[in-house]
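Below you'll find the structure, written out as C-alpha cells, and then a few comments.
The values are calculated or read from the model by the stated rules, or taken from the named source; none is laboratory data. Just so it is clear, the structure is predicted and the values come from calculations on it, not from any experiment. Virtual Cβ from ideal backbone geometry, glycine too; neighbours counted across all protein chains shown. Surface accessibility is based on the protein's heavy atoms, side chains included, excluding ligands, DNA and RNA. Shrake-Rupley method; radii C 1.70, N 1.55, O 1.52, S 1.80 Å.
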Amino acid sequence: MKITDLEKRIGTFRLQIDHLDIEPGRIHGIIGPNGCGKTVLLKTIAGIYKPDQGRIDYEGVTSREITMMSQRPYLMDTTVYKNLIYPLQIRKIRPEEGRVDELLEKAGLLAQKKQYARSLSSGERQKLSFLRAVIFRPRIILIDETFSNLDPESEALFTEMIREIQKKDPITWVIVSHQMEAVHQLCEVVHHMEKGRVVEK
Amino acid sequence: MADWLKNVLSDPNILSAVRVTFTMAVCSTAIASVLGITFGILLERFRFPGKKIVIRINRTLMGSPPVVVGLIVYLLLMRRGPLGPLSLLFTIQGMVIAQTLIITPIICGMIYSYLRRSAPSIREFAVTMGADRWQTIRLIIRELRKEIYFCMVTGFGRSISEVGAVMLVGGNIRGRTRTMTTTISLLKSQGIFTEGVALGILLLLMAFVLQWICDMLQREEQEDENY
C-alpha cells in the first residue's frame, strides 16, 4: 500500500503524509506521542475518513479486505458468538463451528460464547475484537493502540496469534502505539510520527 | 371484584370505547412510527440548509398541546375546511390523523437523539467490518431495536391517554368515536363515578402493561446471563 501526499484536516489538526510505503505481508508499527495523528491516519486508511487531498493506493486490496481494531472496540448488542461471526455473516460465509470454537478457546472466551458481549471485561472485549478482525481473513489489519492497555497474558496471546498467521498466510499489519516496547518486539518496520507527519528517526 | 369486572366487560358502551381506543392507538402508532423513524434517520444522516430550524420546529411540536393539534385538524376537516369533502370529521380516521400529528414528532425527536448518540460509532464499526450501505442501515436499526420499541411504546401510551384532540376531532360519538378517555370525561360530567373509575383502572392497567414491557427490555440490556 502506498500513501502519497495525503492530507486530512480535522478541526485544527492536520495530517500530512508525503510518502509512506506499507509493504504487503509485513508487520508495521507506527509510534508517536498522543495527538500526533496516528488514529487519524489509521481511520483514513480504513476508509472511515475520506482524505482531503492525496491518495492511498491499496494495490488491489479492496475495502472489504481491510479491517480496523479500534482502541475502544464496538461490540454489538448481542452475544459474543454473534459478534464474532458478524464479518462472516455480512459476507454470506457460513461460519465453520470448529474454527469459531477453536479461536474462542485460544482466547479463553469459549465459556462466554453465548454470553452477552457487553458484559465482558475490557480485556475480553479487546480479545473478542481481535478474533473478529482475524476471523474473515482480511488482507490488511489496522490495530489502534490495543497493545497499550493489554495485560501481559493477552499481549502474549495477540503476539502469538499474529506470528502464527504470518507463518501460514502472511497479511499486512499496521499497529499503532505509544509504547515502544511492544511494537519493537513484534514489528518488522517501524515508522515514527510527530505532529501529523511521518518523521525519520 | 369478579362481578364488577364482569359488569364492566359486559357493558357494550365500555367495550366499544376500549375497541375504539385500541384501533385508534394501534393505527396512529403504526403510521407515526414509520414516519417518525424515517424522518429521524434522514435528519441524522443528511446535512441540509435549515436543518437546525427543522430540529427546533420538531422539538416544539414534541411538546405541542394536543388540543391545539385537535383544533387545527378540526379546522382542516370540517365541512367548509380544505379537506371537508373527504368527510373525515367525527370518524376514527380523523382521530388517527390528529394522533399521528401529535405522536410523529415525538418518535422522530426521540429516534433522532438516540441516533445522534450511537449512529456514528456504529457506522464507523460497519466500515471496519466491510458492511455495505444497506447492511449498515440494517445494523443501525438492529442495534437500536430496543430504543425503537421504546419510542413506539411511548407513542402508544400518548395515544391511549389523550383526550383533547380526540374529543374535538372525533366528537365523542357513542359507539363510534367515543374512546376510554372521552368516556371517562363524559361519565364524570354526568356524575356517574363508578364506571368512570372502572374505565380509569382499565386504562391504568394498560399503562402498567406498557411500562412493564419497557422495563423488561431495559432489564434484558443489563442482564449478564445468557439470552
**OP:** Round to the nearest 10 and report in Å² the accessible area of A:Lys114, as given by a 1.4 Å probe over the protein chains' heavy atoms.
**Re:** 140
Original post:
Using a 1.4 angstrom probe and counting only protein chains, how large is the accessible area of B:Tyr149 in Å², to 10?
Top reply: 100
Original post:
Summed for both chains, how many Å² of accessible area, to the nearest 100, are buried between B and A with a 1.4 Å probe?
Top reply: 2000
Original post:
Of all trypsin sites (Lys or Arg not before Pro) in segment A:1-101, which ones are in loop regions per DSSP and have a Cβ with at most 16 other Cβ atoms within 10 Å?
Top reply: A:Arg26, A:Arg91, A:Lys92
Subject >> Cα centre as origin, Lys/Arg/Asp/Glu Cβ charges: chain B dipole, Debye >> reply: 1100
Original post:
Remind me, what semi-axes does chain A give for its equivalent ellipsoid, largest first in whole Å, using sqrt of 5 times each Cα gyration tensor eigenvalue?
Top reply: 29, 18, 16
**OP:** Would you list which lysines come within 30 Å of A:Lys113, measuring only between C-alpha atoms, while excluding same-chain residues fewer than 8 positions from it?
**Re:** A:Lys43, A:Lys82, A:Lys92, A:Lys127, A:Lys167, A:Lys168, B:Lys146
**OP:** Tally the DSSP beta bridges in the protein assembly as shown and give the antiparallel ones as a percent, rounded to 5.
**Re:** 45
Original post:
Given the Cα atoms of segment B:26-152, and with Rh set as the inverse mean 1/r over their pairs in the Kirkwood sense, what is Rg to Rh to two decimals?
Top reply: 1.08
**OP:** Sort out for me the Cα centre separation of segment A:1-28 from segment B:60-100, rounded to whole Å.
**Re:** 58
Original post:
Which whole-Hz ³J(HN,Hα) couplings does segment B:152-168 yield from phi under the Karplus relation 6.51 cos²θ - 1.76 cosθ + 1.60, θ = phi - 60°, glycine and proline marked x?
Top reply: 5, 5, 4, x, 5, x, 4, 5, 6, 9, 7, 10, x, 5, 5, 5, 5
Subject >> Heavy-atom accessible area, 1.4 Å probe, ligands and nucleic acids excluded: residues of segment A:105-123 down by at least 50 Å² from chain alone >> reply: A:Tyr116
**OP:** Report, in debye and to the nearest 20, how large the dipole of segment A:7-98 comes out about its Cα centre when Lys and Arg carry +1 and Asp and Glu carry -1 on their Cβ.
**Re:** 360
Original post:
What dipole magnitude, in Debye to the nearest 20, does segment A:109-188 give about its Cα centre under +1 on Lys/Arg Cβ and -1 on Asp/Glu Cβ?
Top reply: 580
Original post:
Round to a whole number: what % of the accessible area of chain B belongs to carbon and sulfur, probe 1.4 Å?
Top reply: 66
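Within 11 Å, Cβ to Cβ, of A:Gln179, how many net charges do the neighbouring residues add up to if Lys/Arg are +1 and Asp/Glu are -1?
Values: positive: none; negative: A:Glu145, A:Glu155, A:Glu181.
Around A:Gln179, the charge tally is -3.
As an exercise, use a Förster radius of 25 Å and the Cβ-Cβ distance of B:Thr60 and B:Cys214 to find the FRET efficiency, rounded to the nearest 0.05.
Values: r = 26 Å, r/R0 = 1.03.
It comes to 0.45.
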**OP:** Just add up the charged neighbours of A:His19: K/R +1, D/E -1, any other residue whose Cβ is under 10 Å from the Cβ of A:His19.
**Re:** -2
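Under 8 Å for C-alpha pairs, at least 6 residues apart: give me the relative contact order for segment B:2-226, rounded to a whole percent.
On the way: 247 pairs, mean separation 67.0, N = 225.
Result for segment B:2-226 is 30 percent.
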Subject >> Compactness index (Cα Rg / 2.2 N^0.38 Å), chain B >> reply: 1.18
**OP:** For chain B, find the longest principal axis of its Cα atoms and tell me its angle to the long axis of helix B:12-45, 0 to 90°, nearest 10.
**Re:** 20
**OP:** Using Cα centres only, tell me the gap between segment A:132-201 and segment B:164-221 in whole Å.
**Re:** 61
